[in-house]
Amino acid sequence: MSPIPIGTLDSSLPPGLYIASGQSGKLTTSTNAITWTARTSGFGSTLIWSATFGGELYVAVGELGTLTTSPDGISWTARTSGFGSQSILDVTFGNGIYVAVGGGGQLRTSTDAITWTARTSGFGSDGIRNVSFANGLYHAVGDKGRMTTSTDAITWTARTSGFGSTDIRRVTFGNGIYVAVGNGGIMTTSTNAITWTARTSGFGSTDIFGVTFG
C-alpha cells in the first residue's frame, strides 16, 4: 500500500482527554490540548496509526498487528489482535462493538477490545484504510476504491464508491451527508451510503488524506 498520513489526533474521546499518536510508538495525552504528557504506549518503537475510545477502554493500533488498550489513557496493555504482522490502520467503536481494520483486507471485531474475531470484509487482499461508525452504520474504505458497509459489523456489503480503482483514504458523516475522499483529489457524497455522487473537491489531482465534520 502507498503511504498514508502518519499518526492521529483523536478528540472524539471522553470529555477531558485528548490522545495524539504517531511514529516511534509515541503517544501523548492532554486535558486541554495545550499541555501534553508522554505516555508509555506499549508499542516500543512501532508506529501507531490510530486510537479510539469505546465502552470503558481506549484502544491504540498500529504496525505489525500491534494493539494496546487502556482504561485511563495512561497505562497501556498489549493485546493479541489476530492481525499477525499486518498493519492495523484504523479502529473505531460504535453500538457496543470495536472494529479494527488494516492490511490484507483484514477486519476484526470485539465487544471488549481484548478478544478479536475475524470477519469477511469484502476487500479481498486489498488494504482497508479507514473504518467509522455513524448514523447506525459501520463504514469501511480502502485500496482500489473498495467500500463496504454493515449494520452489525459482522456482515459487510460492497458498495459502488464512485472512485473506480482509486484508493479511498477516509469517510465521514455529518448533517445527513456521508463524504468520502481519496487519491487524485476524488471526493464523493451520499445521503444513504449506497449511492455516491462525484463532487469537485478543489484539490485538482492532489490526494486528499482526511475529511471531518464539526
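Computed values, structure above
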read-out	value
All positions within the stretch 98-120 that are part of a loop (DSSP other than H, G, I, E, B) and either buried (at least 24 other Cβ atoms within 10 Å of the Cβ) or at positive phi (or both)	Gln106, Ala113
Index of the failed condition, Thr188 passing every other in (1) crowded, with 21+ Cβ neighbours inside 10 Å; (2) under 15 Å from the mean Cα position of the chain (by Cα); (3) of a type in the set (S, T, N, Q)	(2)
So Thr197, is it out of contact with any Ser or Thr (no Cβ under 9 Å at 6 or more places or on another chain) and of a type in the set (Val, Ile, Thr)	no
Some residue of the stretch 52-69 being surrounded by fewer than 14 Cβ atoms within 10 Å (Cβ to Cβ), in contact with a strand residue (DSSP E or B) (Cβ under 8 Å, 6 or more places away or on another chain) and within 22 Å of Gly210 (Cβ to Cβ)	no
Checklist (1) of a type in the set (S, T, N, Q); (2) under 27 Å from Phe213 (Cα atoms); (3) part of a strand (DSSP E or B) applied to Thr35, failing item	(3)
Residue, nearest to Ser110 (Cα to Cα), within the stretch 38-62, restricted to residues that are assigned to a loop (DSSP other than H, G, I, E, B) and at pLDDT below 95	Gly55
Condition check for Val171: modelled with pLDDT of 95 or more, among the aliphatic types (A, V, I, L, M) and in a strand (DSSP E or B)	yes
Neighbours by Cβ (under 6 Å, 6+ apart or cross-chain): first from the stretch 5-32, under 25 Å from Asp167 (Cβ atoms); second surrounded by fewer than 17 Cβ atoms within 10 Å (Cβ to Cβ) and at pLDDT 50 or above	Pro5/Phe209; Ile6/Gln23
Test: Thr212 is over 18 Å from Phe133 (Cα atoms) and either at pLDDT 95 or above or surrounded by 13 or more Cβ atoms within 10 Å (Cβ to Cβ) (or both)	no
Looking only at the stretch 65-91, and only at residues there that are among the aliphatic types (A, V, I, L, M) and over 20 Å from Ala140 (Cα atoms), the one that is modelled with the lowest pLDDT	Ile74
Cβ pairs under 9 Å, 6+ apart, first in the stretch 73-88 and within 13 Å of Thr109 (Cα to Cα) and assigned to a loop (DSSP other than H, G, I, E, B), second charged (D, E, K, R) and modelled with pLDDT of 95 or more	Ser81/Arg108; Gly82/Arg108; Phe83/Arg108
Answer from Gly127, Gly73, Gly122, Gly82 - the residue that is under 21 Å from Ser161 (Cβ atoms) and in contact with a Phe, Trp or Tyr (Cβ under 9 Å, 6 or more places away or on another chain)	Gly122
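The values are calculated or read from the model by the stated rules, or taken from the named source; none is laboratory data. Predicted, not measured: the structure shown is a model, and the values here were computed from it. When we count neighbours, we look across all protein chains shown, and the Cβ atoms used for this are built from the backbone with ideal geometry, even at glycine.
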